[in-house]
Amino acid sequence: MGIWAGIGVIVPFPFYYWLWNHPQSWVNLCGKDNDPSKIMAYVSHFLKLIQFISLFSVSSLSWPPPFYFWPLFLAGQFLNFRVYQLLGEAGTYYGVRFGKNIPWVTEFPFGYIKDPQYVGSIFSLLACLSWVPFQYIFLWCFGYVFMILVESKEDPTTRAKPH
């Protein structure tokens, strides 16, 4: 199951890479009557399910969790929840790349933590180290670091045109 779990963990990142670099292709594929951010959210949730199933397939759950689990996991989920709360679906799912006008947010955690959603996700993954072999956590975190680097180089000329 190891190789399949590894593939399952990294499967979303080529999709995100393609969307970031070719947003107009995604907008065209979604069609003028569909919201590309909403469709991206649906696909992303499905890919997240594949990731979770992949991690579960190589995990060894035991109770109680180690002392570091709850602070890391809760801090990570708080950051993820807060990002989604402040940006909404369109802001979280590349709306700006798809030609939407997304207001700039400066409330916490923005302006305090660079890439708070990815940092929160990494915290949550690290919390699971006692249950999931290191290489799978590392691979998933590597995907997030890769996307942080990709998204740090936004080229406005590649943004999709508003429809």
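Within the stretch 43-78, restricting attention to residues that are part of a helix (DSSP H, G or I) and either touching a Cys at 6+ places or on another chain (Cβ under 8 Å) or among the aromatic types (Phe, Trp, Tyr) (or both), the residue that is surrounded by the most Cβ atoms within 10 Å (Cβ to Cβ) is Leu55. When the stretch 27-42 is filtered for residues that are out of contact with any Phe, Trp or Tyr (no Cβ under 7 Å at 6 or more places or on another chain) and either surrounded by 13 or more Cβ atoms within 10 Å (Cβ to Cβ) or assigned to a helix (DSSP H, G or I) (or both), the ones remaining, listed by number, are Asn28, Leu29, Cys30, Asp35, Lys38, Ile39, Tyr42. Out of Tyr17, Tyr94, one residue alone is closer than 24 Å to Asp115 by Cβ, in contact (Cβ under 8 Å) with a residue 60 or more places away in the chain and not in a helix (DSSP H, G or I). It is Tyr94. Within 15 Å of the chain's Cα centre (by Cα) and surrounded by fewer than 16 Cβ atoms within 10 Å (Cβ to Cβ): does that describe Gly88? Here the answer is yes, as Gly88 does meet what is asked. For Phe81, the conditions (1) in a helix (DSSP H, G or I); (2) surrounded by 13 or more Cβ atoms within 10 Å (Cβ to Cβ) all hold with the exception of (2). The single condition from (1) outside any helix (DSSP H, G or I); (2) under 27 Å from Asp155 (Cβ atoms); (3) out of contact with any helix residue (DSSP H, G or I) (no Cβ under 7 Å at 6 or more places or on another chain) that Leu87 fails is (1).
Filtered by the rule that a residue be crowded, with 19+ Cβ neighbours inside 10 Å and aromatic (Phe, Trp, Tyr), the stretch 114-143 gives Tyr118, Phe123, Tyr136, Trp140.
No value in this document is a laboratory result; all are computed from the given coordinates. Please read all numbers here as calculations on a predicted model, not as lab measurements. Every residue, glycine as well, gets a Cβ built from its backbone with ideal geometry; the counts of neighbours run over all protein chains shown.
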